[in-house]
Every structure is written in C-alpha cells, then in structure tokens.
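Written below as structure tokens is the structure these notes are about.
The values are calculated or read from the model by the stated rules, or taken from the named source; none is laboratory data. Keep in mind the model is a prediction, meaning the values are calculated, not measured. As a convention, Cβ positions derive from the backbone with ideal geometry for all residues, glycine included, and neighbour counts pool all protein chains shown. We work out accessible area using only protein heavy atoms, side chains counted, and drop any ligands, DNA or RNA first. Shrake-Rupley method; radii C 1.70, N 1.55, O 1.52, S 1.80 Å.
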Amino acid sequence: MRVHYLWLLLILGHVASARYSSANDWTVDHPQTLFAWEGACIRIPCKYKTPLPKARLDNILLFQNYEFDKATKKFTGTVLYNATKTEKDPESELYLSKQGRVTFLGNRIDNCTLKIHPIRANDSGNLGLRMTAGTERWMEPIHLNVSEKPFQPYIQMPSEIRESQSVTLTCGLNFSCFGYDILLKWFLEDSEITSITSSVTSITSSVTSSIKNVYTESKLTFQPKWTDHGKSVKCQVQHSSKVLSERTVRLDVKYTPKLEIKVNPTEVEKNNSVTMTCRVNSSNPKLRTVAVSWFKDGRPLEDQELEQEQQMSKLILHSVTKDMRGKYRCQASNDIGPGESEEVELTVHYAPEPSRVHIYPSPAEEGQSVELICESLASPSATNYTWYHNRKPIPGDTQEKLRIPKVSPWHAGNYSCLAENRLGHGKIDQEAKLDVHYAPKAVTTVIQSFTPILEGDSVTLVCRYNSSNPDVTSYRWNPQGSGSVLKPGVLRIQKVTWDSMPVSCAACNHKCSWALPVILNVHYAPRDVKVLKVSPASEIRAGQRVLLQCDFAESNPAEVRFFWKKNGSLVQEGRYLSFGSVSPEDSGNYNCMVNNSIGETLSQAWNLQVLYAPRRLRVSISPGDHVMEGKKATLSCESDANPPISQYTWFDSSGQDLHSSGQKLRLEPLEVQHTGSYRCKGTNGIGTGESPPSTLTVYYSPETIGKRVALGLGFCLTICILAIWGMKIQKKWKQNRSQQGLQENSSGQSFFVRNKKARRTPLSEGPQSQGCYNPAMDDTVSYAILRFPESDTHNTGDAGTPATRAPPPNNSDSVTYSVIQKRPMGDYENVNPSCPEDESIHYSELVQFGAGKRPQAKEDVDYVTLKH
C-alpha cells in the first residue's frame, strides 16, 4: 500500500511541475480512488471549472501510464480517449461519445464524467485527464484500483449489541457503475434475511455516485434476541444472481442472565415440605455475584432456608401453611441488568374457610340480572355449595354463583352459603342482604270534579299509587304546565279548554311510573266550522249547479244542527246548500252555523263568486250627448261582468270597428262628422256582450256659423245681383211685349203683384245663431199684366171684375206711381230685429203706355223702403 502512495506522490509532483502558470485557476473534483475488478466497469464522476468563466473545452484526452516529455513539453502515453471540438457545438449538451472502452458523459462547460467498460486489471494505476480550453491546459491524475477478482464488502456494526434493542448493520462496497448492477443480501446462519423476517425492522439499499465517493450500501435494522448471540451474519455481493464476494461477522449480543426455576411438588397439603431450585442457564456478560434472590408474589423472601451453589440456588420450605401458597420466582444480575425466571405457583390444599356472600349489583333494580357469589377460600376449590334465602335452603342451586335472571321484589331478603371440598365442610361467616329497588306500582290518576266537564270549568286531579321502594319523592304531570300543583300529587286545571289533552301522572322515586292517561271528556260547542264547495270542482259559472257543504272538526256532544246565512240573513236549515242554476244574483257571502246543546258556532264568510259573460252594457257620453265641435268627448263602456272585461271593441253607426280596445273611447277634437251613434262590445273569459247604440250630436261653433253665414251672404248677394239683372232683362222684355200688346189694344195698364211667401219651420228648437234676412231665400216676384178696356167709367171693385172697372181719372197722358209698402219684420225668416234696416229706396213705377210723351214726374211722390 505504501508503494502505491509513493507512486501517487511522484505522479502528482511530476504533473505539478508540468502545469502552466495559469494552472492554479483550474478546479477539478473527482473521487480520490476508484475501485473495480476485472470485467466490471468504472464510472468516474468529474466536475471542472476553467480559469476563464466563459471558456469552453476544445479538446479532452484520457491517457494511461502517461509521462511528461520535457523536450516536447507534451504528455505521452496510451491514449484511451481523444475528443476535439467540431463545427457542431453542443454547448452544454453531453457529448455521449464513445471511443473504444471509454465513454465521455460530460460536456464542454463543467462536466468531465467518464465511463470505462469493461475494466481490466492492468488499468489499475493512474490515468491522466488532459483538458484544453483555448490557451488554458490542464492534466488531472485519476487513480484506479482494479483487482483481478471482486473484492469483499465491508460490514459496520455498533460497538455493543443488546437483546431486544434496535440495532443497524451496514454492508458497503466501494463500487457503483451504471450498467453493471450489483445486489447486497443479508444472511443469518445461512438463512436469508428479508423485510418480513421476525425481529427485522427494515432493510434499505442505496447507491452513491458523487465527486467525493462512489459506493453501494445496504442497511439492516433489527432487534436481536439473546439466542442470536454467537450467530454469524453474512453480507453477500451478487451480480445477475451470481455471488461475487461476501463477508461474515459474528454477533456479540449482550443480555441479562437467563434463569430456570423448578418446584417439587407444585401441590402440597398443609404441614408438608417443598423444595424449589433456581438455575442460571446463560449470561453475557457473566454474573456479578453467585447470589440468587427469591421472590413470592412480587415481594422478596426473607428468613428462608437457602442453599447456594455455582450457577444454582435452592429454596426449602418446611411445614407449609396456606399462607405459603402463591407465585415464586428467582432473580440474578450481571452488568446488563437483572434477569428473572418465570413464575411458578405453589398450591397448598386445605378445607374451605368460613364463607361470605357478595351480591352484584347491590342494591338491585327490579328486572335486572343479579349474581350472588359465595366466597370461601379452599384448596382445592369447593366442589359443592348450599344456598340459603332467609335461612331457608334454596333447592337445586349447588354452584359457587347464584344467578337471578330478572330480580323481583319477592327476591329481596338475606342470603348465605356453605362451601365443601374433598377435605371437608366450611362454615357460614355472615349473611348478605339483597335490596330490590322498584318504581312505584299501580299508579292511577283520579278526577275529583263533577261531570260532565264543560269548557271553561276547573278540574282537580289526584295521583295515587300502591307501593314503592324507595319511597316516592316527587310527582310529574303530563302534559307539563297543564295546571297548577296544589300539593304533591294534586293538580288543579283552571278553565279547561275544549281540546284538553288526556292527563296522566307519574309517581317517582329514583324511577318514575306513569299512570294511564285520563280523558277529561270536555263538552263544547262545535269547532272549526267552515264552508266547503262540493261542486263544481273548478270555478263557478252562471247556470251551473252549485252544492255547498257545512263542515266542522269537533263537537261534544256529537248531535248538531246546521243553518245557512247569506249576507247575515237566514237562508235555510240543513247541512247542504244547493243552487240548481246559479245566477249572478246568487253571489254573496255565505255562512253556515252549527249548534249543539252547548252552543253554536258560525263559520267564516265564504264568498260565492259567480262568473258570467258581460251584460247590461251601455255607452255613457261625457260631458253629454250634445257637444260643440272642437271640444272633446269621452265615451265609456259600462258593463256588469265577472271576471271583468278584458277586451273592448268600439263601433260607429255604420258598424265599422274603430280599432280601440280600451274601456273609454276619447274623441278629441270633435268634428261635426263625429255626429252619430256609437256602441261597444266587451269580452271576458266567459263570453261577449254588446251595448245598444248611443247617439252623439256635434253642433257648429259660433265661429263656424259666422264663416258659413258670410259664405251664404256672398252666395245670396251673387244670386240677388243675377236676379236683378234677370228682372231687368225680363222687364225690358215685358215692356217690349207690352208695347206690342198696347199697340194692338187701345190702352192698358201694368203693376206688380207679390206672391204670398210661405214661412219655413226651423230645424230645431235649440239655441241657434241668428242672422239677417236673406233676400235670396225669398220667393221671386211675378209680374202680371192687367188689360183694361178703354171706357169712360171704372168701378172701384176687384181688379179681376171688368164690370166694376172705373175709368182712370185722366185718360190723358198721365203717370201713376205706386207705393210698395214695407213688409213687417216677422214676415221674413232668419231676420233679426237687431239688424239695421236697409235705408236704400227702390222706386216702382207703373207706366201707362199710350200715345203721347211720357209726362214729367210730379214732385209729390211717396217713397217706400223695400226690405231685402
């Protein structure tokens, strides 16, 4: 081994002399020595750091048996691996390149890990790892220890191993190479130890391959027994189920002395002798002293005869008594601690001692299982027992235990027993009393009031019982709070209700016994009276058959009578109220009343709601049926319907739909064209109804009438002008005709005759706008020519009688002017007295056509005003 170390120092010194000035800045870490054997492989974990932080390896070589040539200043030797940077730069990626037996697992940054597989024995020694990064170079020696055969593993164990204490053994091998797996197995006396082996806590294996160490380990943790002392433990190295090497160690288990005790005989009658022997079978380390200690029932024995020998001790008991019965053991000590033997029991036979009775439980509850035990020390145990109840034998029970499955009050009393074995009879020491507790019995609730009980009365109840052990201490009532307690066991219920619950009481000691509930049977008027609709099942429509039922929940007494009321008035008697064909008039609030001998109860009002189609529809007009144009009118469709009308339809006098679906129809602003009749139609979920027509009259406003009068006057004036021109033309035409006629006749006279104008009846009697007389509305004036025979005499008779004609006062050329009288104002329609009269004067001239010139007009002419 020294040779190897000297060789290593020489190589290191040689390499140090060959380093460049910057070599001190390189850092290379790897295990100091790597171990392997012929045919295996070696993995060399390696990390490096170049002087320049960003430098990358350009070249890496692995030499075997290398030397430094001072002449060339280069290293020479067998090259196992040579890798130079190529154009493809993997940067931090692994090269994973293999040359021969060597695989480079590192990179150009910081990893120089190598693997040699297979490894050979002549590879043992130093390898040189030459790395170049730019101008920086480094040679790193790596020492290999390769043997021809697999070397043994090492086993590490603690300095002291004690029985039953957990201990860990470590088996290790300074070898680990990926691709050449090895397995470490444990054996105890040629029996393989696994994780399921008794006393083994765990077996763990680990492989470590770092720049500091390369090894494989297996840890065995177990609790050794004292019997494992001196046994061999073997660690075996396996590869592909083949044993490569192994190492064996022997266990040195420290333990306390192991003793063995024997008693002869184990059963003895009183006054005989007994010998006990204690032997030390094993101890590691040896005993401190030869003395052995004895114990009885856990206490050290003193003042007893002992015989001490090498690794053995004897205990001799003379004339044993019953007190010497018990469990014996012996004890010895070494440096680890005291060791104890197993316990052996010494039995001393004797007749039964005076007996005592134990009762479980005591006191006992009624119905419980009770066990009585007869206690009487005897060896051998008593084989026959006699039981006594109140000093009277209990036949049939001869066992140590007397069991009562369900104890009752009559089981109470004093119990005793007498034990017997083959050595004789015992005696009765003392009696035991069995106390049986039970709840109060025959509990009843008694009503101390007059019956029947009416609603609102006061009731007194008393709780009674027959017997109790222990005595009754309290009473309970159910339901709680149903009344006031006058004294223990007496309850007073004030103003009992109709629905009073049954009342029960309980008499209590440590348990309570409840009496059967007592029904108070309170008499009361009918309760929860209500109206039920029997038919129809759904909504009620006019014309359907309706049946109502009067129902109630409770009544005491049960005999009742039924009555029906509508809106507070009595309708009929009986449980059912029937409508053969219900009508809207049947709607209203109905109550049913139920009475018995105690009183009567009225139900809540039940509203009978009859559904029917709209009826009694009419149209109301606001503000009235006569409205001036320009105002607004609101037409409302009033109806009687259930449910209310959901849709309205409006129609005018022609029956045309006005496309208004609301209850009200608003007309704004009104026009004369709105005059006419209107009607509405209403629809609900039941049907449809329609109203009769209502008439709306829209009259003209004063503004409209003024405009129309002005237009009429203009039209009348035009007619008048045309009429005047026509009259003139007609007059001229008549004059021409008259001249022709007069020429044919000797003489003639002409005058105007006015036709009588009939008065028109006004359109309405309502207030109308007033206007002035319209001449165009008057009749035209007809002209008549009266011919008079030329005679000297004329009468003053009618114009149509020739015989009465009088001669004109002067047959000479003369002119007579006629007076057209003014008509009264009442003779003209639409003439307002307030209108100013026309002051214009129209002249009417009667001309007598004849020979000669027209005479000059006289100055005494009468004028009249003609009203147009």
query = Out of (1) of a type in the set (Gly, Ala, Ser); (2) open to solvent by less than 30 Å² (accessible area, probe 1.4 Å); (3) assigned by the TED database to the domain that holds ARG329, what's the single condition that is false for SER232?
reply = (3)
inquiry  = I'd like to know if the range 599-608 contains one or more residues that are in contact with a Ser or Thr (Cβ under 6 Å, 6 or more places away or on another chain) and either assigned by the TED database to the domain that holds GLY685 or of a type in the set (A, V, I, L, M) (or both).
reply    = yes
ask   = of a type in the set (Asp, Glu), part of a strand (DSSP E or B) and in contact (Cβ under 8 Å) with a residue 12 or more places away in the chain - does that describe any residue in the range 158-174?
value = no
key: For SER164: the one exception among (1) hydroxyl-bearing (Ser, Thr, Tyr); (2) out of contact with any strand residue (DSSP E or B) (no Cβ under 6 Å at 6 or more places or on another chain); (3) open to solvent by less than 50 Å² (accessible area, probe 1.4 Å)   = (3)
remark   = Residues in the range 483-498 that are part of a strand (DSSP E or B), among the hydrophobic types (A, V, I, L, M, F, W, C) and in contact (Cβ under 8 Å) with a residue 12 or more places away in the chain total 4
ask   = So LYS219 clears everything in (1) open to solvent by less than 60 Å² (accessible area, probe 1.4 Å); (2) within 60 Å of the chain's Cα centre (by Cα) except one condition, right? Which one?
value = (1)
ask   = What do you reckon, is CYS235 in a strand (DSSP E or B) and at pLDDT 95 or above?
value = yes
query = Does at least one position in the range 313-324 carry a residue that is at pLDDT below 90, more than 21 Å from ASN271 (Cα to Cα) and assigned by the TED database to the domain that holds ARG279?
reply = yes
ask   = Could we say that GLY125 is more than 30 Å from LYS225 (Cβ to Cβ), at pLDDT 90 or above, open to solvent by less than 50 Å² (accessible area, probe 1.4 Å) and out of contact with any Asp or Glu (no Cβ under 7 Å at 6 or more places or on another chain) here?
value = yes
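Given the structure, is SER482 exposed (fewer than 13 other Cβ atoms within 10 Å of the Cβ) and out of contact with any Pro (no Cβ under 6 Å at 6 or more places or on another chain)?
No: the conditions fail for SER482.
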inquiry  = Just to check your reading of the model, which residue among ARG464, ARG492, ARG476 is touching a Ser or Thr at 6+ places or on another chain (Cβ under 6 Å), open to solvent by 80 Å² or more (accessible area, probe 1.4 Å) and either within 26 Å of TRP410 (Cβ to Cβ) or not assigned by the TED database to the domain that holds SER597 (or both)?
reply    = ARG464
query = Any idea how many residues of the range 298-341 are acidic (Asp, Glu), under 18 Å from VAL280 (Cβ atoms), touching a strand residue (DSSP E or B) at 6+ places or on another chain (Cβ under 7 Å) and free of Cβ contacts under 8 Å to residues at least 60 places away in the same chain?
reply = 1
note = Within the range 529-550, of all residues that are closer than 30 Å to LEU454 by Cβ and in contact (Cβ under 8 Å) with a residue 24 or more places away in the chain, the one most open to solvent (accessible area, probe 1.4 Å) is LYS530
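What's the total number of residues in the range 499-512 that are open to solvent by 20 Å² or more (accessible area, probe 1.4 Å) and assigned to a strand (DSSP E or B)?
1
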remark   = Going through the range 44-55 in order, the residues found to be open to solvent by less than 70 Å² (accessible area, probe 1.4 Å) and more than 18 Å from MET139 (Cβ to Cβ) are PRO45
note = Of the residues in the range 525-563, those that are of a type in the set (Gly, Ala, Ser) and touching a Gly at 6+ places or on another chain (Cβ under 7 Å) come to ALA525
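Scanning for something more than 30 Å from HIS30 (Cα to Cα), of a type in the set (Val, Ile, Thr) and part of a strand (DSSP E or B), does the range 213-220 turn up at least one residue?
No; the residues of the range 213-220 include none that is more than 30 Å from HIS30 (Cα to Cα), of a type in the set (Val, Ile, Thr) and part of a strand (DSSP E or B).
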request  = Identify, by number, the condition in (1) open to solvent by 70 Å² or more (accessible area, probe 1.4 Å); (2) touching a strand residue (DSSP E or B) at 6+ places or on another chain (Cβ under 8 Å) that GLU559 doesn't meet.
outcome  = (2)
inquiry  = Residues that are under 30 Å from VAL237 (Cβ atoms) and modelled with pLDDT under 90: does the range 33-55 have at least one?
reply    = no
